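A.B. asks: Here it is, the structure, as structure tokens.
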Amino acid sequence: MSRGSVFILSGPSGSGKDTVLKELFRQHPDLLFSISSITRAMREGEREGEKYHFISREEFEAMLKADELLEYNIYGGNYYGTPRKPVEAAIMAGKNMVIEVDVNGAEKIRCKLPEAVSIFIMPPSFAELKRRLVGRGTESDEQIKIRMQTALDEIRRADEYDYIIVNQDVNTAAAELFTVIDSRRLTAEKQQTIINEVLAEC
Ligand code: 5GP
């Protein structure tokens with residue numbers, strides 16, 4: 001069985017990447033999602049184990065000490081980390097797994113898994129990103145200011161990614177994201193079995 005593929009997905013807060021991901025997984029439930037362990041408080045509408053495992057700082061630090069994280073970062077004073085085991089299990093089982101991380105996390109995963117494909121979700125404009133962040137109404141003015149600055153820093157590093165998808169329209173962005181994911185299936189590396197089969201006939 002060929003190894004599964006890892007898709008690193010980033011995009012600033014307010015890029016709409018969560019909505020794009022939701023649509024992607026609704027249409028393609030066979031894809032796996034890496035559930036991050038994080039220490040920030042749960043927001044309204046979030047559920048334990050859906051996108052995140054909400055754990056205490058002590059639990060997070062214990063995971064760090066036990067080398068159970070593929071990467072981690074501190075964001076807005078909270079820890080965010082990618083548990084290592086589910087990613088390794090997905091690769092071994094030949095499954096496609098999407099890992100959603102910030103730009104620093106993406107850099108760390110690229111170092112550990114150089115074959116991973118990285119995708120950046122762009123807002124159509126900075127004005128639209130601000131409108132979405134303010135409209136969400138879940139953060140204080142100060143938190144919004146910090147997220148806007150972080151968004152700018154992240155967009156400056158968008159060219160480190162293999163693909164950029166502009167989220168003007170959720171359905172189009174989700175379809176483009178799936179096109180990128182599905183195209184991995186056709187790489188020469190993944191098609192080694194058919195190459196060998198055809199050659200074996202000669
Ligand atoms: P939020 O608090 O808005 O859910 O996420 C804040 C940021 O943390 C986003 O940029 C998101 O992509 C990033 N993030 C989510 N999970 C992880 C993770 O496991 N590791 C890292 N490095 N960043 C993460």
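The values are calculated or read from the model by the stated rules, or taken from the named source; none is laboratory data. Small disclaimer: the values here were computed from a predicted structure and weren't measured. No Cβ is skipped: glycine too gets one built from the backbone with ideal geometry, and neighbour counts run over all protein chains shown. When the accessible area is computed, the model is the full protein with side chains, heavy atoms only, and any ligands, DNA or RNA have been set aside. Shrake-Rupley method; radii C 1.70, N 1.55, O 1.52, S 1.80 Å.
A.B. asks: Residue farthest toward the positive end of the dipole of the chain, with Cβ of Lys/Arg at +1 and Asp/Glu at -1: which of M92, N196, C111?
C.D. replies: Towards the positive end, the residue furthest out is C111.
A.B. asks: Shifting gears a bit: By the gyration tensor of its Cα atoms, with a ≥ b ≥ c the square roots of the eigenvalues, what is the shape of region 1-67: rounded for a/c under 1.5, prolate for a/b over b/c, or oblate?
C.D. replies: oblate
A.B. asks: With each pseudo-label sitting 7 Å past Cα toward Cβ, what's the S140-R3 distance in nm, one decimal?
C.D. replies: 4.5 nm
A.B. asks: Calculate for the chain the 222 nm mean residue ellipticity that helices alone would give, adding -39,500 (n - 2.57) per DSSP H run of length 4 or more and normalising by residue count, nearest 500 deg cm²/dmol.
C.D. replies: Values: 8 runs with 89 residues, N = 202.
Theoretical 222 nm ellipticity from helices: -13500 deg cm²/dmol.
A.B. asks: Here is a follow-up. Give me the accessible area per residue for the chain, probe 1.4 Å, as a whole number in Å².
C.D. replies: Details: 11280 Å² over 202 residues.
Accessible area per residue, the chain: 56 Å².
A.B. asks: Kindly provide log₁₀ I(q)/I(0) values, in the same order as q = 0.09, 0.11 Å⁻¹, from the Debye equation applied to equal alpha-carbon scatterers of the chain.
C.D. replies: Evaluating at q = 0.09, 0.11 Å⁻¹ gives log10 I(q)/I(0) of -0.36, -0.54.
A.B. asks: If you don't mind, there's one more thing I want to ask. For region 126-178, what percent of Cα pairs sit more than 18 Å apart? Walk me through the numbers before you get to the answer.
C.D. replies: Numbers: 624 of 1378 pairs.
Result for the distance tail: 45 percent.
A.B. asks: Could you give me the ³J(HN,Hα) list for region 146-162, computed from phi with Karplus coefficients 6.51, -1.76, 1.60 and θ = phi - 60°, whole Hz, x at Gly and Pro?
C.D. replies: With the stated coefficients, region 146-162 comes to 5, 5, 5, 5, 4, 4, 4, 4, 6, 5, 4, 9, 4, 6, 7, 8, 6 Hz.
A.B. asks: Compare the Cα positions of P12, T39, A66 along the charge dipole of region 10-69 (+1 at Cβ of Lys, Arg; -1 at Cβ of Asp, Glu; about the Cα centre) and return the one farthest towards the positive end.
C.D. replies: Final value for the positive-end residue is P12.
A.B. asks: Another one. Hey, what's the Cα Rg ratio for region 60-135 versus the globular rule of thumb, 2.2 N^0.38 Å? Before the final figure, lay out the partial values.
C.D. replies: Values: Rg = 15.0 Å, N = 76, 2.2 N^0.38 = 11.4 Å.
That works out to 1.32 for region 60-135.
A.B. asks: Taking the alpha-carbon centroid of each part, what is the distance from region 176-202 to region 97-163 in angstrom?
C.D. replies: 31 Å
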